[in-house]
1. Sorted by accessible area (1.4 Å probe), largest first, how do L119, L56 line up?
2. Would you kindly derive the ³J(HN,Hα) couplings of region 99-107 from the backbone phi angles with the Karplus curve 6.51 cos²θ - 1.76 cosθ + 1.60 (θ = phi - 60°), listing them in order in whole Hz, with x for Gly and Pro?
3. Looking at the P(r) of region 102-246, how many percent of alpha-carbon pairs lie beyond 23 Å?
4. When all protein chains stay in place, what accessible area (Å², nearest 10, 1.4 Å probe) is found for R149?
5. By accessible area of protein heavy atoms, probe 1.4 Å, what ranking do H116, H169 get, highest first?
6. Accessible area per residue of region 155-194 at 1.4 Å probe, in Å²?
7. So who's got an amide H within less than 5 Å of the one on I55, skipping anything under 5 residues away but keeping other chains? H placed 1.01 Å off N, in plane.
8. What is the sum of charges, Lys and Arg at +1 and Asp and Glu at -1, for the other residues whose Cβ falls under 11 Å from the Cβ of K210?
Amino acid sequence: MQSTCAEIQAQVSDRVLEITINRPERKNALTMAMYSAMAELLNSAANDPGIRVVILTGTGGAFTSGNDLADFLGGSATGEESPVFQFMMALYNFPKPVVASVSGPAVGIGTTMLLHCDLSIADDDAVFQMPFVNLGLCPEYCSSFLLPRIMGQAKASELLLLGKKFDAHTAADVNILNEVVYSGEALSRAREYARELAQKAPEAVRLSKKLLRQGTMENGLAVIREEAGHFQKRLQSDEFREAATAFMEKRPADFSKFD
């Protein structure tokens, strides 16, 4: 199985597909081409009997620093037909187990995609953040629906409204992660879990995953679509342009002129 993008690597071994985000010079910030490649790999793997488990990881000491803001400022995200949404749907509907290995920064969708993985393991020096409001945006990828349910309304409000960084142990305490390991060990641990899952009865594993998620699938899909609609409008907003410009100019955003 091959990736259509050099910055997304794919390797299959022992019925496990390992998808690696490989843009270390930008801390694995995601572009539209990278989203498209990951969506294509997941959709192919969903129908490939030779693949039973997927691992998501990143190179260069980073999972992903989130979306490439320059790419988004260019107006290339266009609603449900966008590569971002196609990736979201590919992972959301993926019928087989997905194991995430997190090192370094996991920002924005780098955190929210973990809500759709079955097992997530992080190095103890990994750093998480959902800075959507800080960028003049809104929660995405069902985070406004799932986070209050897994960690409570108060903590979800804190993480989404303040948009502050939090460490791996906090992420585990609020049920975003399954396990925290010593620095540099997350990928080997993820591979252990993936090999174990790949040896189990495949239909039983798929059915169990389906049953575990059946209570949230339909409502979650509606929330993803609603969030995506608001998110798309926010990308066209003056607030986002101020936040993104400030980020690239390495200065604090000034929202004082907005109502």
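1. I get L119, L56, largest accessible area first.
2. Couplings: 10, 9, 10, 10, 10, x, x, 9, 10 Hz.
3. Counting every Cα pair in region 102-246, those more than 23 Å apart make up 43 percent.
4. About 150 Å², ignoring ligands and nucleic acids.
5. So, going from the largest accessible area down, we get H169, H116.
6. 55 Å²
7. L17, E18, I19, V99
8. Local net charge: +3.
The values are calculated or read from the model by the stated rules, or taken from the named source; none is laboratory data. Values in this document were obtained by computation on a predicted structure and should not be read as measured data. Glycine gets a Cβ as well: all are built from the backbone with ideal geometry, and neighbour counts include every protein chain shown. Just so you know, the surface numbers come from the protein's heavy atoms only, side chains and all, with ligands and any DNA or RNA stripped out. Shrake-Rupley method; radii C 1.70, N 1.55, O 1.52, S 1.80 Å.
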